[in-house]
Every structure is written in C-alpha cells, then in structure tokens.
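The values are calculated or read from the model by the stated rules, or taken from the named source; none is laboratory data. Not measured: the values here are computed from a predicted model. In this analysis, Cβ positions are derived from the backbone assuming ideal geometry, glycine residues included, and neighbour counts consider all displayed protein chains. To get the accessible areas, we keep the full protein, side chains included, count just its heavy atoms, and leave off ligands, DNA and RNA. Shrake-Rupley method; radii C 1.70, N 1.55, O 1.52, S 1.80 Å.
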Amino acid sequence: QGEGCRTVPLSGHVGFDSLPDQLVNKSVNHGFCFNILCVGETGLGKSTLMDTLFNTKFEGDPASHSQPGVQLKSSTYDLQESNVNLKLTIVSTVGFGDQINKEDSYKPIVEFIDAQFEAYLQEELKIRRVLHSYHDTRIHACLYFIAPTGHSLKSLDLVTMKKLDSKVNIIPIIAKSDAISKSELTKFKIKITSELVSNGVQIYQFPTDDESVAEINGTMNAHLPFAVIGSTEELKIGNKMMKARQYPWGTVQVENEAHCDFVKLREMLIRVNMEDLREQTHTRHYELYRRCKLEEMGFKDTDPDSKPFSLQETYEAKRNEFLGELQKKEEAMRQMFVQRVKEKEAELKEAEKELHEKFDRLKKLHQDEKKKLEDKKKSLDDEVNAFKQRKTAAELLQSQAQQAGGSQTLKRDKERK
C-alpha cells in the first residue's frame, strides 16, 4: 500500500466491485483490434496459416517469386465471434527472401513498423486527439516463419529477427513442419533456440506473472518455436470433419497436438495472450520508440541537476534555439545574397566597360571609313570638274574650228565666182 493510505472497513455494499464488469461491457461495445505481421519467404504457407488460425478464408492472390524488392501488403478485416468484434489487420511480406542480394531485405519491414509507431505518435501529439476512435495499426505480433530445413537458421532469418526484436513481439514458428521427421524436428528446435540465444535475439516470452496463466505459459515457453501446419481442407476422420492434409502415405491432422503445434500456437496467440501482446506493444516497443523520438527532439524528463523539466520550458528553449538557428541561416543567406549582388554588379560593370570600349573602337573605325569615303568623293568630284572643263574647252575648240571652216568655204565660193 502507498504511503499515507489507510484501510477503512466498509459497513455494507457500495458497488464499486462492478468496475470490472463496466470495463468489460465498455470494451465489448467498443470492439478490439489486433495486428499480425507475417514474415517469411514466399511459399512457406503464411496465408494458409492465417486462414487456418481464424477459421475463415481471407482474400488475396498468391505472390510470385519475381518481386524486385520486399513489399509489405496490409489487409484489414472485421471479424465477429459471439458478441465480440475484432478488427484484424494482417500484414504480409511479399517477395521476402526472393532476391539474390538479401542484405537490405529487413529494411522495408523496419520502416513499416516505425511508420505505424510514428502515425500513432503524431495522433498522440495533436491538440485535439481522437485516440478512442483512432484505428491503431501498430504491429502487436510478428509471426516469423522459419523454413523446415532441419539444419540451422539462415543468416537472413538471424539478421531480420535481430533488427525486429526491439520493435515488435516476435514469435518464431517452423512452417510446414510435416516436411521433417519428429527426431529432426526436436533437434531443429534446440538448434534454433541456441542460435537465437547466442546471437542475442529477444523473442516474445509468454508472461508468467499472472497466476491464472503462469503454468500454461511457462510450459508453452519451453515449446518455442512452434512447429505448425496449415490447411483449409476438411477431411472426414472417424466420425468428425477435421482440418487435415492428405498425403499418399497418410493424413496429417492440423489440430492434433501429436502431429503439430498448431493448437498450442492458436491458444497462446489468440485465447490466452492476445491482450498481453497488445499491452507489450504499447508499454514496451511503442514507449521505446516514443522516448527515442522525443529525445531526438530535445525533450527530457530531468535537467543535468536531476530536477524535473517543465515541458513548456523545454519547448520554449527548443523554440528559441530553433529561432536562433533560423536567424543565423537568414543572416547567412542575406550576406550571401549581398555578395552575389556585388559580384553580379561587378560583372555588369565589366561588361558595360567592354561594351563602351567596343563602341569607341567601332565609332573610330566608322569615322576613319567616313573620312576615306569623303576623300574619295572629293577626288572624284575634282576629276568630274576637270573632265567638264576639258569637255567645255574641246567643245569651244570644235565650234571655233567649224566657224573657221565655214568662212574659208565662203571665201572659196567667192573666188570661184
């Protein structure tokens, strides 16, 4: 009990023992959401297992092996069982493990998970929040499908799980476990567990702090990873119709715990620990993301003297710091602008000077050409005048000669007479 609290006996029934019932009724009316991320190579039966888990047929086309990169495909469905509504979102990794270079195959998955965290954080930071009606798309459980090789984990599986373990609840499962024998399967589980521990991969452990589920969860933690088989076909076995896979050598029953761990996975994932997965996502993974993002933005809980920080003071300090940086950038841009203007003016003056010099050269050349033309014109005029004078003199001489010739003719005529 907290300090200063006192225990007071009640003299009769008050009624606050109905609070759990009120909470249940409110939650049932509002409905629930659950988001599953299926990570695994193409062809490991991710879609078939989802159909088997929820006893329905989800829409979707099978993915090809020719994807250029890893893509995440998200589909949301509204399910109802009894009077409980569940908004289920299934996210599948299309093309995971199909590329020759698998180095960056995990990046689209990490970016997708962070994008859902960021969307919730942005909604949480709004002044007017509507979290009660907000569609929470944060991933609550990651089913990691391991190929039934029987040897060891692939490096792609180890790297991907290591990158995801701090962001999502990872539940490793061995897909198509009927492909290997019982003895090989037991050794394979031990090998997977030892490799996960040696590489520091933190997978989701079913909680044992609640007494009502501590025993079953403790037992199921020892069975991880679950070896599962999926099938939507129903065969008549005995007097019952059961989900099974028919082979030439016999029949594998999906819901028979002697054949696979499908029932264990369904019980642990849906019936027993679905709410804990949702709670772990919010209190552990989302809180880690939120804390890192707020610290990047400069927000802290305490100052260097371990005194509480005021959110308003922190915001004002960051705002002033941002404004100071903005003013510095503005001043630097202004100085750069002034420098550019000066450089441009100098370039224009230099260009203007060159234009003036060119104009003076052209003007002088024009004047020289004009002077030459004027001199040539003058010489031509002089030649024309001299020609005219010679012409006039010649005409005068010609007229005088004609007159002299006429007088001689008259004189000869007189002499004849």
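The residues listed here are Asn83, Asn55; of these, the one that is at pLDDT below 90, touching a helix residue (DSSP H, G or I) at 6+ places or on another chain (Cβ under 9 Å) and either under 28 Å from Ala244 (Cβ atoms) or not hydroxyl-bearing (Ser, Thr, Tyr) (or both) is Asn83.
Going through the stretch 69-78 one residue at a time, which ones are assigned to a strand (DSSP E or B) and either free of Cβ contacts under 8 Å to residues at least 12 places away in the same chain or surrounded by 15 or more Cβ atoms within 10 Å (Cβ to Cβ) (or both)? Hits for the stretch 69-78 are Leu72, Asp78. Scanning the stretch 96-151 for residues that are of a type in the set (Asp, Glu) and within 22 Å of Arg284 (Cβ to Cβ) turns up Glu111, Asp114, Glu118, Glu123, Glu124, Asp136.
Pairs linking a residue in the stretch 164-180 that is over 17 Å from Thr93 (Cα atoms) to a residue that is assigned to a strand (DSSP E or B) and among the β-branched types (Val, Ile, Thr), with Cβ atoms under 6 Å and 6 or more positions apart or on different chains, are Asp178/Val252.
Does the stretch 1-41 hold any residues that are farther than 26 Å from Leu79 by Cβ, surrounded by 10 or more Cβ atoms within 10 Å (Cβ to Cβ) and without any contact (Cβ under 8 Å) to a residue 60 or more places away in the chain, and which are they?
Here is the first cut: in the stretch 1-41, the residues farther than 26 Å from Leu79 by Cβ are 1-19, 41.
If we keep only those that are surrounded by 10 or more Cβ atoms within 10 Å (Cβ to Cβ) as well, we get 18, 41.
Of everything in the stretch 1-41, just one residue is farther than 26 Å from Leu79 by Cβ, surrounded by 10 or more Cβ atoms within 10 Å (Cβ to Cβ) and without any contact (Cβ under 8 Å) to a residue 60 or more places away in the chain, namely Ser18.
Every test in (1) of a type in the set (Asp, Glu); (2) under 19 Å from Thr42 (Cα atoms); (3) open to solvent by 60 Å² or more (accessible area, probe 1.4 Å) is passed by Glu111 save one, and that test is (2).
Within the stretch 27-43, at least one residue is at pLDDT 90 or above, in contact with a Phe, Trp or Tyr (Cβ under 6 Å, 6 or more places away or on another chain) and not acidic (Asp, Glu).
Reported count of residues in the stretch 109-136, each being in contact with a Phe, Trp or Tyr (Cβ under 8 Å, 6 or more places away or on another chain), part of a loop (DSSP other than H, G, I, E, B) and of a type outside the set (Asp, Glu), is 1. Inside the stretch 82-108, can you point out the residues that are of a type in the set (A, V, I, L, M, F, W, C), in a loop (DSSP other than H, G, I, E, B) and open to solvent by 20 Å² or more (accessible area, probe 1.4 Å)? Result: Ile100, single match.
Only one of Phe359, Phe322, Phe337, Phe387 is in a helix (DSSP H, G or I), at pLDDT below 90 and surrounded by 10 or more Cβ atoms within 10 Å (Cβ to Cβ). Can you tell me which?
The conditions single out Phe322.
Residues of the stretch 114-165 that are over 25 Å from Lys182 (Cα atoms), of a type in the set (Gly, Ala, Ser) and open to solvent by 30 Å² or more (accessible area, probe 1.4 Å): Ala115, Ala119, Ser133. Only residues that are more than 27 Å from the chain's Cα centre (by Cα) and open to solvent by 50 Å² or more (accessible area, probe 1.4 Å) were counted in the stretch 52-61, giving 3. Which one is least open to solvent (accessible area, probe 1.4 Å), of the residues in the stretch 42-51 that are out of contact with any Asp or Glu (no Cβ under 9 Å at 6 or more places or on another chain) and of a type in the set (Ser, Thr, Tyr)? Filtering the stretch 42-51 for residues that are out of contact with any Asp or Glu (no Cβ under 9 Å at 6 or more places or on another chain) and of a type in the set (Ser, Thr, Tyr), the one least open to solvent (accessible area, probe 1.4 Å) comes out as Thr48.
No other residue among Val84, Val91, Val70 is out of contact with any Ser or Thr (no Cβ under 8 Å at 6 or more places or on another chain) and either of a type in the set (S, T, N, Q) or in the same structural domain as Asp136 (by the TED database) (or both) apart from Val84.
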